[in-house]
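> Please read through the structure below; I'll follow up with questions.
The values are calculated or read from the model by the stated rules, or taken from the named source; none is laboratory data. All values reported here derive from a predicted model rather than from experimental measurement. As a convention, Cβ positions derive from the backbone with ideal geometry for all residues, glycine included, and neighbour counts pool all protein chains shown.
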Amino acid sequence: MENTTQSFTTSHSGRTSSDSVKKMTFTAMFMALTIVLSSFGIPVPGGHLYLCDIVICTASLLLSPGYAFVAAGIGSFLGDMLFYPAPMFVSLVTHGIQAVVISLIAHSTFKNNTKIGSVIAVLVGAVIMVIGYTLGKTYVYSTFEYAMIKLPYEIAQALLGAFGGVLINHYLGLKSIYNKWMNK
């Protein structure tokens, strides 16, 4: 009887279809978490801080750019579509670009020190998120003033997501769990 892992081999690089299933499973899990956490936030004076940014940064640090886009961009789009549809296209573009950039930086810089690479990646992602939502809210709500009023909340949410993502990946061990599971 032949080894079932060998029968799954589908590409020239020696990767198996089970690798793709694992990546899709993680992507679906992160997308579901993004959708759920888009539905509620931590109330703060004058607004809310949404926790979906922690999931977006966490997923983007682990996944390749395409999978990160699906988990973050499409996940936040669907979350907004279900709970608060006005900025759903802003979320798709902003979180999609944010996820791709975080993933690219995290997987290509500071290969000898992935923690530094991850911190740089999520900080660049935070800047993308703040600028994207500020411009997007100016367009969606047609007032620059409204976007400026929400700017401190966007910055706080972006930093919460950035540091939460690094914390979960590197200090709570999700990155090593993910790598072990992917290499089985």
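> Taking the condition of being surrounded by fewer than 20 Cβ atoms within 10 Å (Cβ to Cβ) and either among the small types (Gly, Ala, Ser) or out of contact with any helix residue (DSSP H, G or I) (no Cβ under 8 Å at 6 or more places or on another chain) (or both), how many residues in the stretch 108-126 meet it?
5
> Additional query: So which of Ala72, Ala32 ends up being among the hydrophobic types (A, V, I, L, M, F, W, C), surrounded by fewer than 16 Cβ atoms within 10 Å (Cβ to Cβ) and modelled with pLDDT of 95 or more?
The unique qualifying residue is Ala32.
> Which numbered condition in (1) closer than 20 Å to Pro65 by Cα; (2) buried (at least 18 other Cβ atoms within 10 Å of the Cβ); (3) in contact with a Ser or Thr (Cβ under 8 Å, 6 or more places away or on another chain) is the only one that His170 fails?
(2)
> Right, something else. So which helices (runs of 4 or more DSSP H) are wholly in the stretch 101-184 and hold at least 1 residues that are charged (D, E, K, R) and within 20 Å of Phe89 (Cβ to Cβ)?
114-141, 144-166
> Next question. Only one of Ser38, Ser13 is at pLDDT below 95 and over 30 Å from Phe110 (Cβ atoms); which?
Only one candidate passes the filter, namely Ser38.
> Now a separate question. Is there a residue in the stretch 130-138 that is at pLDDT 95 or above, closer than 19 Å to Pro65 by Cβ and crowded, with 16+ Cβ neighbours inside 10 Å?
Taking every residue of the stretch 130-138 in turn, at least one turns out to be at pLDDT 95 or above, closer than 19 Å to Pro65 by Cβ and crowded, with 16+ Cβ neighbours inside 10 Å.
> Any residue that is surrounded by fewer than 16 Cβ atoms within 10 Å (Cβ to Cβ) and modelled with pLDDT of 90 or more - is there at least one of those in the stretch 139-150?
Among the residues of the stretch 139-150, not one is surrounded by fewer than 16 Cβ atoms within 10 Å (Cβ to Cβ) and modelled with pLDDT of 90 or more, which makes the answer no.
> Taking interchain pairs and intrachain pairs at least six residues apart, which have beta carbon atoms under 9 angstrom, with the first residue in the stretch 70-82 and among the acidic types (Asp, Glu) and the second surrounded by fewer than 24 Cβ atoms within 10 Å (Cβ to Cβ)?
That search, which allows pairs on different chains as well, returns Asp80/Ala86; Asp80/Pro87; Asp80/Met88; Asp80/Phe89; Asp80/Val90; Asp80/Leu92.
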